[in-house]
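Shown next, in structure tokens, is the structure this report addresses.
The values are calculated or read from the model by the stated rules, or taken from the named source; none is laboratory data. Predicted model only: the values in this text are computed from it and were never measured. Methodologically, a virtual Cβ is constructed for each residue, glycine included, from the backbone with ideal geometry; neighbour enumeration extends over all protein chains shown.
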Amino acid sequence: MTFIRKRDNQAFTARTKTTLVSAALFAALFIPTANAEEHIVRTRRTEWVPSVLFIQPGDTVVWKGMRSHETELITGMGPEGAFAWDSEIDAEDFTVTFDVEGAYIYSCDVHMNFGMVGAIIVGDDPPMNLSSIDAALPSIEVGRQAVRRIIDRVKRALARR
């Protein structure tokens, strides 16, 4: 049988509280996703809402209303080293976490001819990869005008910030 004196138990409780506070401070300072947010992109017929979304590194985007839709990063339209996603059709609640800053231009490949193209801008600074996105535009065979429109919309949104 073990006996714990009241004084020893209080000392243990104080040490435990100090350890928990230290762990919480460490997590807040050194884990970038501690303040991460979740953003929703919905479909409205053949468009993404919002069409241009500004988020921070570590934030997550969830696509909703994906019946007969899919989402994918257009080749050459994201920052170097970024995750290139490609969901299945009808992938409700498809989720991507964005860790690399920059501009991402994505589409519903099924409805790209109808202009279903969107943009996600990660970070506070103007995206460093906008010039490479502009340079990749001529290589897009289907939906080039829609991609051009979303790039122009991104540039106007950045000018207003």
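Residues that are hydrophobic (A, V, I, L, M, F, W, C) and touching a Ser or Thr at 6+ places or on another chain (Cβ under 8 Å) within segment 111-161 comprise Phe114, Met116, Val117, Ala119, Ala136, Ala146, Val147, Ile150, listed in sequence order. The lone criterion from (1) under 19 Å from Val49 (Cα atoms); (2) assigned to a helix (DSSP H, G or I) left unmet by Ala135 is number (1). Within this structure, Phe54 passes the test of being in contact with a strand residue (DSSP E or B) (Cβ under 6 Å, 6 or more places away or on another chain) and either closer than 26 Å to Arg160 by Cβ or at pLDDT below 95 (or both).
For beta carbons closer than 6 Å, sequence separation of 6+ or different chains, a first residue in segment 131-154 that is at negative phi and a second that is surrounded by 14 or more Cβ atoms within 10 Å (Cβ to Cβ) and not aliphatic (A, V, I, L, M), the qualifying pairs are Ala136/Gly76; Ala146/Gly115. Considering only segment 11-28, I want to know if a residue exists there that is under 22 Å from the mean Cα position of the chain (by Cα) and modelled with pLDDT of 95 or more. There is no residue in segment 11-28 that is under 22 Å from the mean Cα position of the chain (by Cα) and modelled with pLDDT of 95 or more. Within segment 112-127, the set of residues being at pLDDT below 95 and touching an Asp or Glu at 6+ places or on another chain (Cβ under 9 Å) comprises Phe114, Gly115, Asp124, Asp125. Do any residues in segment 105-119 that are within 22 Å of Ser132 (Cβ to Cβ) have Cβ atoms under 8 Å from those of residues that are among the β-branched types (Val, Ile, Thr) and modelled with pLDDT under 95, where the two are at least six apart or on different chains, and which pairs are they? Between residues of segment 105-119 that are within 22 Å of Ser132 (Cβ to Cβ) and residues that are among the β-branched types (Val, Ile, Thr) and modelled with pLDDT under 95, the close pairs are Met112/Val142. Provide a single number: the residues in segment 47-72 that are buried (at least 17 other Cβ atoms within 10 Å of the Cβ), over 9 Å from the mean Cα position of the chain (by Cα) and in a loop (DSSP other than H, G, I, E, B). Looking only at that region, the number is 5. All of (1) at pLDDT 95 or above; (2) at positive phi hold for Arg45 with one exception: (1).
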